[in-house]
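Asks: My questions will all concern the structure given below.
The values are calculated or read from the model by the stated rules, or taken from the named source; none is laboratory data. Note that the structure is a prediction, hence the values are computed from the model and not measured. FYI the Cβ positions are ideal-geometry reconstructions off the backbone, even for glycines, and counts take in every protein chain you see.
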Amino acid sequence: KYTHEDEKDEIPLTDPEEPEQVAWAKAVNPLHGGPSTAVGEDGEPIPEPEKNAEFELPNILREADMFEWAGVGMTREETFRIMLAVKNLAETKPASSVRFWGKIHGTVSDYYVCETVLKEHPPEEEAEETPTEDDGSPKEPEVPIEKHTGCNKYDYFVCSFPGGEWHQLPEVTPQQIMCGRLVTKYFTGDLEAPVITYPPFPGVEKNLLRAQIARITATTFLCPEGFLTQGGEEGEEDAEGEIRQNEEFAGLTAEEMADLTKWVHREESVLQRMGRTTWWEPPKPEGEGDEEGEEGGEAEDPNKEPAEEPKARLATVDLDEVVPGTEIPAWSIRVTSSLSLDKYKVVALKSNRWPGAYTVGCGKEHSNIYVGWGRKFEGKPYNPPLPPPIQEETLDLEEQVDPEPEEEYAAEEAA
Amino acid sequence: KYTHEDEKDEIPLTDPEEPEQVAWAKAVNPLHGGPSTAVGEDGEPIPEPEKNAEFELPNILREADMFEWAGVGMTREETFRIMLAVKNLAETKPASSVRFWGKIHGTVSDYYVCETVLKEHPPEEEAEETPTEDDGSPKEPEVPIEKHTGCNKYDYFVCSFPGGEWHQLPEVTPQQIMCGRLVTKYFTGDLEAPVITYPPFPGVEKNLLRAQIARITATTFLCPEGFLTQGGEEGEEDAEGEIRQNEEFAGLTAEEMADLTKWVHREESVLQRMGRTTWWEPPKPEGEGDEEGEEGGEAEDPNKEPAEEPKARLATVDLDEVVPGTEIPAWSIRVTSSLSLDKYKVVALKSNRWPGAYTVGCGKEHSNIYVGWGRKFEGKPYNPPLPPPIQEETLDLEEQVDPEPEEEYAAEEAA
Amino acid sequence: MDSDNLYSSLNYISALGVTLSPEQRGALQASLPLLKINHKFTNLVFWGRVYAEREDYLVAQGWDKSAINEERQSFYSQNGITWGKLPPLKGKLINEYPDLQGMFTGDPSKRLYEAPPPAEGEEAPPPAEGEEAPVDENYLTEEDRLAYTVMIIDKDTCVVPRGAYIHNSKHEVVPNKLFSGLSEKDAMKLESYYHLGEPERLKAKPLMDRELLDKTIDFLDPLSEDGPYGCWSLQTDPAKSLVTLKNLLWPGYLFFYNISTRTHGQVYMGHGERNVDIAFML
Amino acid sequence: MDSDNLYSSLNYISALGVTLSPEQRGALQASLPLLKINHKFTNLVFWGRVYAEREDYLVAQGWDKSAINEERQSFYSQNGITWGKLPPLKGKLINEYPDLQGMFTGDPSKRLYEAPPPAEGEEAPPPAEGEEAPVDENYLTEEDRLAYTVMIIDKDTCVVPRGAYIHNSKHEVVPNKLFSGLSEKDAMKLESYYHLGEPERLKAKPLMDRELLDKTIDFLDPLSEDGPYGCWSLQTDPAKSLVTLKNLLWPGYLFFYNISTRTHGQVYMGHGERNVDIAFML
């Protein structure tokens, strides 16, 4: 189409000393429909893989307009670029749905977080061996992670700017969630950065990030009552598909939405005493079963922790507890406009437990976002758990006289 | 609520030398929920009149997002203020629906135009007398205006900035529309400014403005096929209510919308040879009916102009003629995004006859706007009509000698 | 952020992920010019927003001659239209009751603390002749806390690029009309940004160090000496045209500096609570 | 409009009622930095948009030293990502075929005019030795028309506030770092705005008049002498903070000047046709 082919100013350019803004422009150019500058090992451009075309993606720009009413969000350019980046992720991964989850600030760079439901997961080898302690004895079994359900129902990807490379976060373990509750930390923006805390966190920054995302999602991601429906007469506990979208949801008015009883938790809650959504019983030791429980039958173990009941699904948010030790409610709700026509008014819920978590709704639409530091509001200064009591100093070994060879010899003789 | 009442900084303030920006801020403050600064003749604030609450108002902010894709529109602040101003108009006038029509640039200031359907019109006294020419003979009957129908179906209000006072435009006469087609003029922004053109325009700027608005609305305001439906088996011609909104309209995909045959004219077209939407026959002269038509029966008057058939209602826009003398189509249509998901793509139609007129659509939504100079694109330089041939110079009166008194007297005697 | 230019500035704070609603922006555009004229300020800025349980507080600051934060007057509003002046600081009571923690409620008149009635025998001396007894000095309201919070945030932040302000001959701190911007390299350094407030650490420096400074420019404390170490997070946008500084002691504070246009500004959009846990978090 | 600051600038042109779509803005933000670096420009601006029947043309201009419009290089794009350099002007052919009217089609390679083959006996002289015959000089395409249109619009517009640019000692026209802005009163006058191009009328002025001008500042032609009288529409926004100049000869041209920040810029978003009817319309 251009008649001056010779003067055409095509991307890529190959300046060895390219300034950083050029690197950025090159990274985002393909997003905007420009040619990709990625080259394979042979120096040839990588042919474009076939793209996933079947996925759900919300209208991010339109949702951003609702968030603007709540006072949260980025510029329209950035929002558009986020949309492109999220779409790009969905096209290159086998995702059946993607959603812009939000943004977590870091001290050096930030994380843009995308929540996905993947169509398939790469097969993983089961760890067959019984884990053992250092001394070779069978290890106390750890609370196992929830595979593709519960806290790992979604897969999360992060990038440091829209257009940058997406990195998949690892699955979260119950131990990471439990420890995530005890520590408070600014993220740096480096997924592999060590997390130095007390108690020691089992993992690096990406694990802590994933743990906080799981907690935020479980606690703050809401939908209007009636949007989801709990189907089936006698739903099996925890069965997938039990909760589904209500096709007949007709939307709510702003007046109705401005009521905490009209909003419910979309996701399962995480148990207080276990970093899972469902309680897990340690199996009775098998191989050692011969030795018979000293204290009687299985049901009467007094040391056994009683199972924690998960919170009811789709619980309304007015039941959420206030911030401990304060009168601050879990949610602040408000109609964000006094001047618009009623039917165009957006209702916003702001989480006071996780500042930065917002839910907005208008008519039939609603959306959730988190933009913050990944830090829970506790209502009191952080008090690190005390380290365990210092171990009593080992008694000095009684000094013994090193036996002379003759003595040793004599002792051997005597034996 | 404020505890320091004495230091409270309430609007209004009363500085005699207030700068202009203060005047503006005061004018827009009530829009934004601030107290009104208007005072009555007694110096007391005017009590707020009861507000009209029953009216239709589109979601102007959301429409603005669609227009942004078409590359037309104002900032979000200004759009929000326009919404408030339009809502304010609807509340103070007995309007059943209001719509932001668009903006017409002027050389000194601009016009923001609001289209309304009023619930009632103030009664007008009928002009009972037969109009007469200067010499007292009955005037040739003029083509009458369309009262509250056709070109005057809507009432229009304009202001020079959102928040400024709304001025109702007068109804448009067929003569103004006909002359509006012959002249080309920049608007000044002063409604009462004289319009100096050849042929002379029958009215001032507000009349020309109203004429152009009528023409633009008739030619460029579109809706997707299926949005309106022509009800009734045998609709009466021009009956109101014949065309109504189709409750079952399910929306169109972007692919469907990107086709000129999927868009229809929403309004009646204005006749080419008469500034009305319906043809009007001059009545046979009544009082002078005794003199009998010289040239036979009423149906055979060869001087009589044949009636012009109006264009079919809801005609698709692919039938619109190209710009005369060129190959430029009446409309340019395009899908405004190549990167968004199909279902979120906005389709835009740009009028090439009235540059500045845009229609956008996405799914079930669509909207029209005009932002321009109020000037039709003719495809050729303006050629003013020739003035009528110069009248032949009157022959000089033959100079006569002023009679002396004696001569006059003699002449009188003779008579 | 400059009130004349609110919308452009809001784009810059996108890095915080916060904004104002169309209704709030519209209200501010309409009310701030009146506030400015009314008080004959030469400058008026939108200072920020303090989140509350119910209605948030919007805060604006105006000044006339000297731009230094101690000379600024602060106003607040909850609807964006009606502005109230923040009351003078009740320093004595705040010292007595330093536990100004927790979320703001949104009710400015809420009483947080009442001074205990003076004990017997310790009664306040009767006001001297001609003097009136100080009023309102026996309790603290949320409005007082807001005033204190704005002051303390300003003390810890209120950032300007080095050279953007000068000390003029009238001892006023005014914008430097000859400010030619920071180089791209300097813009990435914390040393290039100063607190626009009465310097504290500067005075404590040895005379010899002070001798080396350019007196018209280096009369302010630089951020690089702030503690704890790491309390400022300096980032640039990926296009390297905008530098932002977030304060980790006051999460919600953002300063921005546009390298190409030299535009700079700041905003605070937070809960009005200092992050007392910062030492554990870095 | 400064490419580094596209979004802020787009807010200023709201008075025209035109904008760019999110997709176009995104593309420009990603591609213009590359164009700038690629050509080692010190400045790159988004010049505007020429509407076409199908795909509109987006135009950008870059320059290195002197900002004057004759020194600028122009580029165009239809998708906002890939940019082509506008060809040099084919002055001879444009003189032969001045009827460059009508709407652009959106096909840059469309041939508008082919030079008639040289008549017998009038054949062009064979190129002198070592010289190559000029190529492409026998027809005009829409691309050529675009190049010509951009040039002619620049000649008639390309506005800067008085004092914002100076003639430096290297005979370059560069931004005046000491530009302190126009007063509110001056900003409302057409006399305060100049064409940033080779002056034409200035040279024709009597020496005595020229003696009175400040040579470093008044080296450009002011808009106030442009014809026909009334071809510039100067307006201020209701809040009196932004001055806009619309050109009625080239509807779609807008210059803006922000009184408080001294920011200025311009854009052309039109059909690329001069309004030949202007005499009837004023």
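Asks: Please find, within region C:13-50, the residue that is nearest to residue A:355 (Cα to Cα) out of those that are of a type in the set (Ser, Thr, Tyr) and facing chain A (nearest Cβ under 9 Å). Please lay out each step first, then the result.
Replies: Kept after step one, since they are of a type in the set (Ser, Thr, Tyr), are these residues of region C:13-50: C:14, C:19, C:21, C:31, C:42.
Those still in the list that are facing chain A (nearest Cβ under 9 Å) too: C:14, C:19, C:21.
Working: C:14: 17, C:19: 15, C:21: 18 Å.
Only one residue fits best here, namely C:19.
Asks: Identify, from the list D:281, D:269, the residue that is over 18 Å from the mean Cα position of the chain (by Cα), of a type outside the set (S, T, N, Q) and within 24 Å of residue B:377 (Cβ to Cβ).
Replies: On the way: D:269 fails: over 18 Å from the mean Cα position of the chain (by Cα).
The match here is D:281.
Asks: For region C:261-282, give me each residue that is surrounded by fewer than 20 Cβ atoms within 10 Å (Cβ to Cβ), within 11 Å of chain A (Cβ to nearest Cβ) and part of a loop (DSSP other than H, G, I, E, B).
Replies: C:273, C:274, C:276, C:277, C:282
Asks: Search region B:367-415 for residues being within 9 Å of chain D (Cβ to nearest Cβ) and in contact with a Leu (Cβ under 9 Å, 6 or more places away or on another chain), and hand back the single one that is surrounded by the fewest Cβ atoms within 10 Å (Cβ to Cβ).
Replies: Top of the filtered list is B:384.
Asks: Right, another one. For residue C:253, are the conditions met, namely being over 28 Å from residue D:37 (Cβ atoms), buried (at least 18 other Cβ atoms within 10 Å of the Cβ) and among the hydroxyl-bearing types (Ser, Thr, Tyr)?
Replies: yes
Asks: Condition first: within 13 Å of another protein chain (Cβ to nearest Cβ), assigned to a loop (DSSP other than H, G, I, E, B) and surrounded by fewer than 19 Cβ atoms within 10 Å (Cβ to Cβ). Now tell me which residues in region A:161-183 satisfy that.
Replies: Scanning region A:161-183 gives A:165, A:182.
Asks: Those residues that are surrounded by fewer than 18 Cβ atoms within 10 Å (Cβ to Cβ) and either within 14 Å of chain D (Cβ to nearest Cβ) or assigned to a loop (DSSP other than H, G, I, E, B) (or both), I need them from region A:73-98; list them, please.
Replies: A:94
Asks: If residue B:3 passes every condition in (1) at pLDDT below 60; (2) under 14 Å from residue C:31 (Cα atoms) but one, which one does it miss?
Replies: (2)
Asks: Now, a different point. Considering only residues that are touching a residue at least 60 places away in the same chain (Cβ under 8 Å), surrounded by 22 or more Cβ atoms within 10 Å (Cβ to Cβ) and more than 8 Å from chain D (Cβ to nearest Cβ), look in region B:56-72 and name the one that is farthest from residue D:270 (Cα to Cα).
Replies: Going through the qualifying residues, I end up with B:66.
Asks: Still on this structure: Identify all residues within region A:170-208 that are among the charged types (D, E, K, R), within 21 Å of residue A:384 (Cα to Cα) and in contact with a helix residue (DSSP H, G or I) (Cβ under 8 Å, 6 or more places away or on another chain); write none if there are none.
Replies: Matches in region A:170-208: A:181, A:185.
Asks: Any idea how many residues of region A:184-215 are among the β-branched types (Val, Ile, Thr), outside any loop (DSSP other than H, G, I, E, B) and free of Cβ contacts under 8 Å to residues at least 24 places away in the same chain?
Replies: 1
Asks: Which residue, of C:99, C:136, is of a type in the set (Asp, Glu), over 21 Å from residue C:197 (Cβ atoms), modelled with pLDDT under 75 and over 22 Å from the mean Cα position of the chain (by Cα)?
Replies: C:136
Asks: What's the number of the condition residue D:258 fails, among (1) at the interface with chain B (Cβ under 9 Å from one of its Cβ atoms); (2) touching a helix residue (DSSP H, G or I) at 6+ places or on another chain (Cβ under 9 Å)?
Replies: Failed condition: (1).
Asks: All but one of (1) modelled with pLDDT of 90 or more; (2) closer than 22 Å to residue D:14 by Cβ; (3) touching a Lys or Arg at 6+ places or on another chain (Cβ under 8 Å) hold for residue D:181; which doesn't?
Replies: (1)
Asks: Of the conditions (1) touching a Phe, Trp or Tyr at 6+ places or on another chain (Cβ under 7 Å); (2) closer than 25 Å to residue C:275 by Cα, residue C:167 fails just one. Which one is it?
Replies: Exception for residue C:167: condition (2).
Asks: Is there a residue in region A:369-378 that is farther than 20 Å from residue A:184 by Cβ and not β-branched (Val, Ile, Thr)? Before you say what the answer is, go through the steps one by one.
Replies: Let us first name the residues in region A:369-378 that are farther than 20 Å from residue A:184 by Cβ, namely A:369.
Restricting the remaining residues to those that are not β-branched (Val, Ile, Thr) gives none.
Scanning region A:369-378 turns up no residue that is farther than 20 Å from residue A:184 by Cβ and not β-branched (Val, Ile, Thr).
Asks: Has region B:315-322 got any residue that is of a type in the set (S, T, N, Q) and crowded, with 18+ Cβ neighbours inside 10 Å?
Replies: Checked against the condition, which is being of a type in the set (S, T, N, Q) and crowded, with 18+ Cβ neighbours inside 10 Å, region B:315-322 yields no hits at all.
Asks: Right, another one. Would you be able to say whether some residue in region D:249-267 is over 22 Å from residue B:109 (Cβ atoms) and without any contact (Cβ under 8 Å) to a residue 60 or more places away in the chain?
Replies: yes
Asks: Further question on the same structure: Scan A:52, A:88 and give me the residue that is among the polar types (S, T, N, Q), in contact with a helix residue (DSSP H, G or I) (Cβ under 7 Å, 6 or more places away or on another chain) and at pLDDT 90 or above.
Replies: Within the list A:52, A:88, the selection yields A:88.
Asks: Got at least one residue in region D:54-62 being surrounded by fewer than 20 Cβ atoms within 10 Å (Cβ to Cβ) and either within 11 Å of another protein chain (Cβ to nearest Cβ) or farther than 17 Å from residue D:13 by Cβ (or both)?
Replies: Within region D:54-62, one or more residues are surrounded by fewer than 20 Cβ atoms within 10 Å (Cβ to Cβ) and either within 11 Å of another protein chain (Cβ to nearest Cβ) or farther than 17 Å from residue D:13 by Cβ (or both).
Asks: Restricting region B:340-366 to residues that are more than 8 Å from chain D (Cβ to nearest Cβ) and in contact with a Pro (Cβ under 7 Å, 6 or more places away or on another chain), which is surrounded by the fewest Cβ atoms within 10 Å (Cβ to Cβ)?
Replies: Quick first cut of region B:340-366, residues more than 8 Å from chain D (Cβ to nearest Cβ) only: B:341-349, B:351, B:353-354, B:357-366.
With in contact with a Pro (Cβ under 7 Å, 6 or more places away or on another chain) added as a condition, the list becomes B:361, B:366.
Working: B:361: 27, B:366: 23.
Going through the qualifying residues, I end up with B:366.
Asks: Further question: Report yes if residue B:26 is within 14 Å of chain D (Cβ to nearest Cβ) and at pLDDT 95 or above, otherwise no.
Replies: Here the answer is no, as residue B:26 does not meet what is asked.
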